[in-house]
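Bear in mind that the values in this text are calculations on the coordinates, not laboratory data. Everything numeric in this text was worked out from a predicted model, so none of it was measured. We place every Cβ from the backbone using ideal geometry, glycine too, and count neighbours over all the protein chains shown.
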Amino acid sequence: MNLPPRAPSQVRIGIAIAVPEPFAARLQAARADVGDPLAHAIPPHVTVIGPTVVDESVLPAVAEHLEKVASETAPFRVHLRGTGTFRPISPVVFVALAEGIGECELLESAARSGVLAQDLRFNYHPHVTVAHEVPDAELDRAFVGLADFDASFDVDRLWQYEHGDDGVWRPQRSFRLAGGPAAP
């Protein structure tokens with residue numbers, strides 16, 4: 001995983017939608033089963049903003065920004081179904097979103113502004129990674145093994161994660177989605 005470097009007075013954060021239980025345990029076990037070394041370091045999630053380095057002094061502004069974004073975003077439903085891959089561009093297999101794509105895109109666009117404004121290396125594509133940088137045979141196994149994966153859940157909060165010195169991503173704070181329904 002490409003992580004941006006950080007200085008001692010900085011933290012590496014990520015903004016994501018957590019995949020709830022019991023689905024998270026199945027996805028994490030599948031990732032571990034294909035030998036992905038990050039299986040137990042990265043909880044199953046839909047990335048909103050990938051690894052980002054900020055000064056510790058900026059964290060209150062980040063929280064204020066995410067509170068505002070969440071207050072203007074209505075809860076929505078995510079339906080995960082089947083698998084996809086970013087190969088040959090990137091050695092990744094993921095579980096695809098069949099519902100909630102547009103809402104994730106709007107959430108990402110709103111979150112990736114203000115204090116969290118940044119350019120993207122790739123276009124945003126909401127998904128749940130289940131294999132990353134493992135041998136091709138294991139990527140194939142993850143692709144086939146989760147092809148029938150089907151799960152739906154309501155998204156009512158956004159999470160700020162922090163990347164620890166031990167390499168583990170941990171949820172630090174949630175932001176409740178409280179916006180009204182979108183206009184027709």
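Observations on the structure shown:
- 3J(HN,Hα) along the range 53-62, derived from phi through the Karplus expression 6.51 cos²θ - 1.76 cosθ + 1.60 where θ = phi - 60°, amounts to 9, 9, 5, 4, 5, 8, 4, x, 5, 4 Hz, with x in place of Gly and Pro.
- Percent of Cα pairs exceeding the 28 Å cut-off, where the set is the chain: 23 percent
- Mean residue ellipticity (222 nm) of the chain, computed from DSSP H runs ≥ 4 via -39,500 (n - 2.57), nearest 500: -7500 deg cm²/dmol
- Dipole magnitude of the range 10-176 about its Cα centre (Cβ charges: Lys, Arg +1; Asp, Glu -1), debye to nearest 20: 120 debye
- Ordering of 162-169, 34-41 by packing [mean C-beta count within 10 Å, highest first]: 34-41, 162-169
- A Gaussian network model of the chain, with springs between Cα atoms under 10 Å, assigns the largest mean-square fluctuation among Ala74, Ala16, Ala117 to Ala117.
- For the chain, built as a Gaussian network whose Cα springs stay under 10 Å, the top-fluctuating residue of Arg87, Arg26, Arg170: Arg87
- Segment Arg87-Ala63, extension gain: residue separation times 0.36 nm, minus the distance between their alpha carbons: 5.2 nm
- Positive dipole terminus of the range 10-176, leading residue within Ile49, Val134, Gln10 (C-beta point charges): Ile49
- 5 angstrom amide H check on Arg157, placed H, neighbours 5+ away: Leu177
- Charge tally around Val34: other residues with Cβ under 12 Å, Lys/Arg +1 each, Asp/Glu -1 each, net -4.
- The gain in end-to-end length when the Arg176 to Asp136 segment is fully stretched comes to 10.5 nm, 0.36 nm per residue minus the alpha carbon separation.
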